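Every read-out reported here was derived from the displayed coordinates using simple, explicitly stated rules and does not represent laboratory data. Keep in mind that this is a model prediction, so the values were computed, not measured. With ideal geometry, Cβ positions are generated from the backbone for all residues, glycine too; neighbour counts draw on all protein chains shown.
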Amino acid sequence: MVDLPPNSTALIWPPNNAPGINIVSIGTTNAPTDPRAGFGTIGADIVQPLTNSIPVVIETTNVEQASQVLVRGTPRSNGTSTTVNASVSSIVNTSPLTILWTANLPVNVGYSAVQVQVVRP
C-alpha cells in the first residue's frame with residue numbers, strides 16, 4: 001500500500017483506461033462478477049470436484065503482456081496459501097488491450113479463497 005502525499009486527493013473511481021483484472025472462471029464454472037468472498041454458512045461462490053489442480057482463467061484489461069499475473073489459493077482450514085504464475089492464453093483485443101491468462105492452481109479440500117495480483121513491468 002502506498003501512502004498519499006500530503007494535500008493530495010484520493011482517486012475513488014479509476015479512469016476507463018486504468019488497468020483491470022477479473023477472474024473469468026475456475027474449472028468449468030464461470031466466476032461471479034461480484035463474489036461474496038465469505039467463508040460463512042451462505043455457501044460457496046464456486047463448487048468444484050476434488051482433483052489435484054484446477055485451471056483458473058483471468059482476464060486483464062490495459063495490462064501489458066510482459067506483466068506477471070499471480071493466482072493465490074488460500075484454504076480456510078489453515079491459511080497456508082499457494083501462489084502460481086499464470087501464462088497468456090490469448091489476446092482478445094488490442095484496443096483496449098484485453099488478455100486471457102490461465103493458471104493451474106492446486107486444489108485443497110474444503111473452502112478456499114482465490115485471489116489474483118498483477119505485477120506490471
Summed residue charge, Cβ within 11 Å of Tyr111's Cβ, Lys/Arg positive, Asp/Glu negative: 0
Candidates per trypsin sites (Lys or Arg not before Pro) in the range 1-86, loop by DSSP, up to 16 other Cβ within 10 Å: Arg36, Arg76
Segment Trp13-Val47, extension gain: residue separation times 0.36 nm, minus the distance between their alpha carbons: 9.0 nm
Average Cα contact separation per residue, the chain, under 8 Å, 6 or more apart, as relative contact order %: 28 percent
GNM top mover of Thr29, Thr60, Thr94 - the chain, alpha-carbon springs below 10 Å: Thr94
Simple label model, 7 Å out from Cα along Cβ direction - Val84 to Leu100, nm: 1.7 nm
Gap separating the Cα centres of the range 1-25 and the range 56-112, nearest whole Å: 20 Å
Correct choice for log10 I(q)/I(0) by the Debye sum over Cα atoms at q = 0.10, 0.13, 0.22 Å⁻¹ that was computed from the model, options (i) -0.41, -0.61, -1.18; (ii) -0.46, -0.67, -1.28; (iii) -0.37, -0.60, -1.28: (iii)
